[in-house]
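Contents: one structure, followed by commentary.
Since every read-out is calculated from the coordinates, none of them should be taken as a lab result. Computed from a prediction, not measured in an experiment: that's the story for all the values here. Cβ placement follows ideal geometry from the backbone for every residue including glycine, while neighbour counts extend to all protein chains displayed.
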Ligand SMILES: Nc1ncnc2c1ncn2[C@@H]1O[C@H](COP(=O)(O)OP(=O)(O)OP(=O)(O)O)[C@@H](O)[C@H]1O
């Protein structure tokens, strides 16, 4: 298995009963590549992410991460090995503060907390507080440090969730519609954050806002009816007649 590809997806399919949701998907992703994934509602984009994170097992095909076959590896092991996702919906501990949520992630990353949702003896590790504060400052969210998650707006919560994903220092970050449901200023914040992510971090991003995803991605993958309809450099995909056809009338026309 070639290891210059951080991720190799080989002839993967997923069926639920008799429903073939994903069919024969193959894709190779290089370290540091930014892959945009688009396609109409129900095309199978989130299901595809679920296969990559181990939340679902493929019905057929194989997935390799850094040359290792991870097809049957459970989700928590994949996360530990660097495949980290954010969800379409927030996945935070709502009664805790931003800082506490961040400390939980840092504690887990450094292997201090055996029980991930408990801040065990955290005060014994001032370095974790320093690291959390550095991250909050770096990403311009220090002013939210002591805010309780449930008191933040939906968009603010999603910003924090992405920050937590970044804090895990993943090798692959999977973002499922990171700007969905956000105000313009919240969207601008996220887009700015995404552009500032380290260039060696591999990003895969499902996004309905085509301007955002075409601007950010090195390569686009268009899923349609469970298969790859088109794939390649953003400009090539933007000009692809088949891709334009599926977007015509959707309100998301591809404007060259
Ligand atoms: N566990 C499941 N059992 C049965 N069908 C499922 C399951 N999960 C997803 N599906 C179906 O698979 C299809 C693809 O869903 P998926 O959420 O992957 O699409 P999507 O491209 O992410 O859509 P959207 O853009 O609306 O989020 C849908 O028809 C969905 O109903």
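Yes or no, residue by residue, for (1) over 20 Å from the mean Cα position of the chain (by Cα); (2) surrounded by fewer than 15 Cβ atoms within 10 Å (Cβ to Cβ); (3) at negative phi:
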site	(1), (2), (3)
17	yes, yes, no
51	no, no, yes
61	yes, no, no
74	no, yes, yes
77	no, yes, yes
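Mind listing whichever residues of the range 1-42 are over 21 Å from residue 213 (Cβ atoms) and within 16 Å of the ligand (Cβ to nearest atom)? Result: 12, 13, 14, 15, 16, 17, 18, 19, 20, 21, 23, 24.
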